[in-house]
Structure formats: C-alpha cells, structure tokens
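Chemist: Quick one: structure below, then a few questions.
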Amino acid sequence: MAKVELSPLLKSIRGRMDGFVYKQYKDKRGLVLGRVPDMSKVKPSAEQIAQREAMRAGGAFHRQVLADPVLLKKYQKLAKKQHINLSAATMAAAMRRRTSRARVKRDEPSGG
C-alpha cells in the first residue's frame, strides 16, 4: 500500500467524488480511498424502502416549513431552544408525526 503525505488542505477530505469514496479514520489508516460500490443489483428490504420514504417525507415537510413564515418561526424557535439546526428540528418533527400516525393506525380497531 502506498503512503502519501497530504497537504493540510486535503487532510480533511471525505465523501464521494468522481467515482471514488474518501474515508477518514482516526487510527493509523488515516485517509482511505476506494471505489464507489455498485449498488445496482442490491434489492432494498421493505424496512429500507419505508425508511427512505420517511426521509423523503421529512424533506418535504422541511420545504413546507421553509415556505410558511408561521411554521418557520415556530421551528426556528424550537431549533434554537434545542441547540440544533432547523433541518434537524423539522426532520425530528416529521418523524414524530409519522410514528404517531402509525401508532394510531395500528391501534385502530379493524372493521369487520
């Protein structure tokens, strides 16, 4: 394995770029460069699909909050109180709304 000394500008690089994944480890491995995995043949589970849909719904709720000045003020206040950013506050609220609706739906008596 080749060892390279990076300039301080590149020492904190991480993420995905140009078909490569850059990972930072705090141990002796340091920066690790790898190929982006081919996920085209991987079939997501039902739980993964549900989680992805929940994240999409959370993003939609965040955009809804940004478009509504009353909701925006409410969630900015909440985010400041909890010391988190606005997107985290809206995502948490969307997830709570989703789980409470699922709980209500699960607890409803079935007609029949």
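Chemist: Exactly which trypsin sites (Lys or Arg not before Pro) in region 2-60 are in a DSSP loop and have at most 14 other Cβ atoms within 10 Å?
Modeler: Here the trypsin sites (Lys or Arg not before Pro) that fit, given the DSSP loop and packing criteria, are 3, 11, 14, 26, 28, 29, 41.
Chemist: Separate question: Count neighbours as other Cβ atoms within 10 Å of each site's Cβ, and list the GluC sites (Glu not before Pro) in region 1-79 that are DSSP loop with at most 13 such neighbours.
Modeler: Filter output for region 1-79: 5.
Chemist: Treating only the Cβ atoms of Lys and Arg (+1) and Asp and Glu (-1) as charged, compute the dipole magnitude of region 46-106 about its Cα centre; round to the nearest 20 debye.
Modeler: The dipole magnitude comes to about 280 debye.
Chemist: Right, here's the next one. Where a Cα-Cα gap under 17 Å defines reach, which lysines qualify for residue 3, not counting those fewer than 8 residues away within the same chain?
Modeler: Cross-link targets: 11, 23, 26, 28.
Each value in this text was obtained by applying a stated rule to the coordinates, not by laboratory testing. Just so we're clear, the structure is a prediction, and the values are computed from it rather than from any experiment. When we count neighbours, we look across all protein chains shown, and the Cβ atoms used for this are built from the backbone with ideal geometry, even at glycine.
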